[in-house]
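See structure below.
Just so it is clear, none of the values below were taken in a lab; they were calculated from the coordinates. Predicted model, so just to flag it, every value in this text is computed and none were measured. Don't worry about glycine lacking a Cβ; one is built from the backbone with ideal geometry, like all the others, and counts go over all protein chains shown.
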Ligand SMILES: CC(C)(COP(=O)(O)OP(=O)(O)OC[C@H]1O[C@@H](n2cnc3c(N)ncnc32)[C@H](O)[C@@H]1OP(=O)(O)O)[C@@H](O)C(=O)NCCC(=O)NCCS
């Protein structure tokens, strides 16, 4: 798992990515805020682990649901509700997993990658999670690098994502890949209680983009 010295591009599956995130809606108030404090830059000196992205199998569903329902995961998602096995089965039956890939490193499933192309194919919404046992091991940038490359290979010209401003580790990963706050998009606010917080409070959910 040590990434020191490894510099290689991931193997990319040339598969069409469906729109898995469609229909997600926010329930909280929207408000524009200035986020000029962040000035992301691409770190051209990063090296990346050789991540492979593979399709989701039926045998992955239990792992994916446990990951999705982990409070430490879903607190950072726009829709933070727990999902049932029935809901997940329906999601899978309807093709929801087409927008999700399992990130594999040296034979181990280390996280997941999300890509949903817009109807015209010009913009892809991207995202990633690292499975809990693999967090904090400097894998996120490699998985996200593979995700962005897969989206571009599938025809996306511009990439976009939504993230809680408080999710500093995720924001660092996205900034390192050249994503910047999209000031044209109003910030969404969701009430959440993040780790180390004593009570729920509104938190900014921001759009970041990387344009070609
Ligand atoms: C956010 C997430 C993807 C980051 O993955 P990770 O494997 O934990 O992070 P990494 O070890 O690759 O580190 C990424 C960056 O965060 C920093 N970081 C990670 N954990 C840290 C910690 N405990 N303390 C300080 N910095 C930390 C790293 O230093 C690194 O930044 P740098 O390269 O500029 O130094 C992962 O924690 C996760 O899946 N969280 C739950 C779901 C989620 O938030 N998904 C994203 C939704 S938008």
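At a 10 Å Cβ-Cβ cut-off, how would you order 57, 211, fewest neighbours first?
Ordered by Cβ neighbours within 10 Å, fewest first: 57, 211.
Among DSSP beta bridges lying fully in the range 46-210, give the percent that are antiparallel, nearest 5.
Restricted to the range 46-210, the bridges split so that about 90 percent are antiparallel.
Report the gain in length on full extension from residue 135 to residue 183: 0.36 nm times residue separation, minus Cα-Cα distance, nm rounded to one decimal.
This chain segment gains 14.3 nm when fully extended.
Can you list, largest first and rounded to whole Å, the semi-axes you get for the range 46-210 by taking the square root of 5 times each eigenvalue of its Cα gyration tensor?
Three semi-axes, in Å: 22, 21, 17.
Mind giving me the FRET efficiency for residue 63 and residue 93? R0 is 25 Å, r the Cβ-Cβ distance, nearest 0.05 is fine.
Given R0 = 25 Å and the Cβ-Cβ separation, E is 0.90.
Can you figure out the FRET efficiency of residue 197 with residue 120, using R₀ = 30 Å and their beta-carbon distance, to the nearest 0.05?
The value I calculate is 0.15.
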